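What follows is a single structure, written as structure tokens, with notes after it.
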């Protein structure tokens, strides 16, 4: 099993350009997440998807859109990149499908990350 | 919203020394997750704690959740260079729409000198 994979690993964009970050998992997980990691800020949730066809905003959704293409894939799109979006982006997945607490099933498994630089 | 505070923010130790990293929550913890991240890589799941007073160990790493379920500690015994990295704690968000969302602390950077 590959677990969670992300492409690309690195990307340099100019301000205003668009791009899509791809994420796929082969663990048959229901929920998927997109985070950004910035120095001193920890991980912040951008968007998440509790099941195929559903998505919802996290803590920092502005400037991003997502698509849950199927159970395996969850993409993150930057329509018009800004320097403030320079960051490391992580995708994660978990078994959880229910809304309430499900201790143990909330374990998230992370991809290797995408380093994005917006000039 | 739940906030997690990790201390210290960074730690430099000599190989062989013991060390402790703390994670304190502003609310009761219903599930506390510890992850390790090597530079340039993704997060690796270490352990999950759920019950007050619970303690789990993996190799030379021990994690504990206090009885009040508001603080967790991660203890490394006889540190090795392979332990170096960033350690993050994450807490499950209580509530009807949690969907497995986790809130993370800002991370503790561990350096181990040979």
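Observations on the structure shown:
- Set of the range A:67-92 residues, backbone N closer than 16 Å to the point 7 Å along the Cα-Cβ line of residue A:18: A:67-68, A:75-82
- Beta bridges from DSSP with both residues in chain B: antiparallel share about 90 percent, rounded to the nearest 5.
- Residue order for B:101, B:69, A:105, fewest other beta carbons within 10 angstrom first, comes to A:105, B:69, B:101.
- Take each peptide in B:35-46, A:35-46, count the other Cβ atoms within 10 Å of every residue, and average; sorted highest first, the result is A:35-46, B:35-46.
- Counting, for every residue in A:38-44, the Cβ atoms of other protein chains within 10 Å of its Cβ and taking the mean gives 5.
- Between residue A:115 and residue B:113, the simple spin-label model (points 7 angstrom out along Cα→Cβ) gives 2.6 nm.
- Of the residues B:66, A:26, the one with the fewest other Cβ atoms within 10 Å heads the list, and the complete ranking is A:26, B:66.
- Average beta carbon contacts from partner chains per residue of A:47-59, 10 Å cutoff: 1
- For the range A:14-119, the normalised intensity computed at q = 0.15, 0.16 Å⁻¹ comes to -0.59, -0.67 (log10 of I(q)/I(0), Debye sum over alpha carbons, equal scatterers, no solvent).
- Each DSSP beta bridge with both residues in the protein assembly as shown is either parallel or antiparallel, and the antiparallel ones are about 90%.
- 18 Å cut-off, amide nitrogen to a point 7 angstrom out along residue B:68 Cα→Cβ, residues in the range B:1-34: B:2-7, B:22-32
- Projected-area average for the protein assembly as shown over all orientations - Cα convex hull basis, square nanometres: 12.2
- Inter-chain neighbour count for B:99-112: the average number of beta-carbon atoms from partner chains within 10 Å of each residue's beta-carbon is 6.
- Diffusion coefficient (Stokes-Einstein, Kirkwood radius over C-alpha pairs, 20 °C, 1.002 mPa s) for the range B:1-108: 153 µm²/s, rounded to a whole number.
Computed from the coordinates by the stated procedures, all read-outs in this text should not be read as laboratory data. Because the structure is a prediction, the values reported are computed rather than measured. All Cβ positions, even for glycine, are placed from backbone atoms using ideal geometry, and neighbour counts span all protein chains on display.
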